[in-house]
1. With point charges of +1 on the Cβ of Lys and Arg and -1 on the Cβ of Asp and Glu, referenced to the Cα centre of the range 139-288, which listed residue (T245, G278, P146) lies farthest in the positive direction of the dipole?
2. Give the residue list of chymotrypsin sites (Phe, Trp or Tyr not before Pro) in the range 288-341 that are DSSP loop and have at most 15 other beta-carbon atoms within 10 angstrom.
3. Which value, in Å² and to the nearest 10, is the accessible area of R284 when all protein chains are kept and the probe is 1.4 Å?
4. Expressed as a rounded percentage, what relative contact order does the range 163-243 have, with Cα pairs under 8 Å and six or more residues apart?
5. Using a 1.4 Å probe on the protein heavy atoms only, what accessible surface does K376 show? Give it in Å² to the nearest 10.
6. Which aspartates and glutamates, on any chain, are close to K244 with Cα under 14 Å apart, when same-chain ones fewer than 8 places away are left out?
7. For a label point 7 Å from the Cα of M50 along Cα→C-beta, name the residues of the range 66-100 whose backbone N is under 12 Å from it.
8. Choose one of T92, C316, I407: the residue whose Cα lies farthest towards the positive end of the charge dipole of the chain (beta-carbon charges +1 Lys, Arg; -1 Asp, Glu; about the Cα centre).
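The values are calculated or read from the model by the stated rules, or taken from the named source; none is laboratory data. Everything quoted here is computed from the prediction, not taken from an experiment. As a convention, Cβ positions derive from the backbone with ideal geometry for all residues, glycine included, and neighbour counts pool all protein chains shown. Accessible surface is based on the protein model in full, side chains and every heavy atom, while ligands, DNA and RNA are left aside. Shrake-Rupley method; radii C 1.70, N 1.55, O 1.52, S 1.80 Å.
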Amino acid sequence: MIERYSRPEMKKVWSDENKFTRWLDVEIAVCDAWAEEGVVPRNAIPKIKMAKCNFKRMEEILKETRHDMTAFLGSVAESVGEESRYIHLGLTSSDVMDTATSLQLMEASDILVQDIKDLTAVLAQRAIEHKYTLMIGRTHGVHAEPISFGFKLAVWVEEMRRNLHRLYEAKKAISVGKISGAVGTYATVTPQVEQRACRKLGLEPAPISSQVLQRDRHAHFLTTLAIMAGSLEKFAMEIRALQKTEVHEVEEPFGAGQTGSSAMPHKRNPELSERVCGLARMIRGYAVTSLENIALWHERDISHSSNERITLPDSCLLMDYILALFTSVMKRLQVFPHRMKKNLELTKGLVFSQRVMLALIDKGMARQKAYEIVQKNAAKAWRGTKSFLALTKSDSEVNGILSSEEIERLFDYQFYLQHVDDIFLRLGLTKSQWQGALTEKLDTDLKMVF
């Protein structure tokens, strides 16, 4: 991934140095397991544990062998000496590579888990802050009925909680090792060695594998990231829509000296949210590739290998980046309640149409008749200058059933917030739970996304 979209901690996980360190961790764990089985001399282990991979030397060997693993083993052997003959005993390349990749994915998962928790904390705090901030709810992009901005954010909080659960499950799926030799039959390495080595590495042994860990596991992980990216794209798209000039209910943070256009000095664009949307598409594309990697020829081919050098690290790097980026957007998002109120009143009271209809039905009017009367007055309000309230009060069919006072009581925005406390309580969104959830460390981390 390009430097612009790589944060340091995740970048370290997917560095060549960390990859080859994890390869060496697997090799050492297997040697240790062989020693416990009595196959490798116990006195050889201290020397093996001091093994190093000289990356420059590995590159030199790679030019000749054109094989990552043999180049790696050659470099490591030179650092160990005679005892190196026990390294890679009975193994095939995928034993080391796949198991080490699982270790990297676990590291990446831990970073993403914290990212999700950070974003959820911000969303929860902003939801509580705007619990009663009235705005119009929209369906099909058209005014529907009032909601609160906090309610909208509470929906996002719960979605991110589901994403956290999905990530835990995906991490579990890839937290496995495979030390079963060529084509996975244990002909040259025992199940006991696999069990011991995986335990040392903090992994579960795959119950069965071919020459590779089965790629449905990796597809589970990347499709989980794609779902998470889809959530962020949905949230970011909403910010973009609410920042449109005609709407202008929220606005992304915009720093002093920042420019929105090289040609138009007045521009303030939702470019951060647009960036989230654009990068989410990349993650979704990588997920499709991971699904195609499930089908390999026979016990394995390496059609998956080349693209996983890109899809696995890049998906994790991008996911880490857009989670942090959107957390920063939401933490500093400007909210304009006065604009929300103004937009709420654009349709001159039409948002109360259902309340009027239900009141007529409650008084005994047939539903279809009530619908027709309300729709007629709504159409007049759309086309003319009179408010829906005035038209409703002057309608003889309505005021013959409902008094003027009863009609006016129907036009109350607070009616739509009557259950918001119950909803927030159901979600556990209380000030006491979320107060102080954000730390100075988070503020520092968020600066890394710009």
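1. Positive-most Cα among the choices belongs to G278.
2. W297
3. 100
4. 35
5. For K376, the solvent-accessible surface is approximately 80 Å².
6. E252, E271, E274
7. Within reach of a label on M50: 79-83.
8. Farthest towards the positive pole: I407.
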